[in-house]
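Every number in this text was worked out from the coordinates using simple rules, so none of it is lab data. This one's a predicted model, so the numbers in the text were calculated from it and none came from an experiment. Cβ placement follows ideal geometry from the backbone for every residue including glycine, while neighbour counts extend to all protein chains displayed.
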Ligand code: HEM
């Protein structure tokens, strides 16, 4: 079980770092290059979300509390960010900036969750 958690966490973090990091760079470039990275960003998003759901099933289960609330806020922001990137693909300056803010919230709320209780 431990090895499964390690592997899924590695996929979750690597995909999340790529997705959020590339989004921050594209936001800084005013959306230039977004079309080139669109496919890889969506693959990373799908991997991060899928691995996140597995981690949720294994580590969180039905628990309720501040840590779970923080994870839920982060997960919701991530899904909304992917929605903006997909729906406003033709307006990359706007969609990447909004997604960057949402993914910044995701990274922080995910990383601090374990210290909240
Ligand atoms: C629907 C989307 C997501 C779900 C359901 C989800 C779920 C989770 C879960 C269950 C954990 C483990 C918490 C624990 O150790 O108890 C976690 C950790 C984490 N996630 Fe996500 N996640 C999602 C998206 C993302 C994205 C997009 C990123 C990055 C951009 C991200 C970054 C992190 C980080 C940094 C951790 C902390 C790892 C640690 O402290 O060990 N997550 N996530």
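Numbers for the structure displayed
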item	result
Residue order, fewest to most surrounding Cβ atoms within 10 angstrom, among 18, 115	115, 18
Pair residue 93, residue 72: separation of 7 Å Cα→Cβ label points (nm)	3.8
For peptides 97-108, 79-90, 59-70, sequence by mean Cβ density within 10 Å, most packed first	97-108, 79-90, 59-70
Rounded tilt (10° steps) of 66-87 against the dominant C-alpha axis of the chain	30
Between 0 and 90°, nearest 10: helix 34-55 axis offset from the chain longest Cα axis	10
Helix axis angle, 2-28 relative to the chain longest principal axis, alpha carbon, degrees	30
Volume in Å³ per residue [convex hull over Cα atoms, computed for region 12-117]	80
Rounded FRET efficiency, nearest 0.05, which uses the C-beta distance separating residue 80 from residue 17 and R0 of 25 Å	0.85
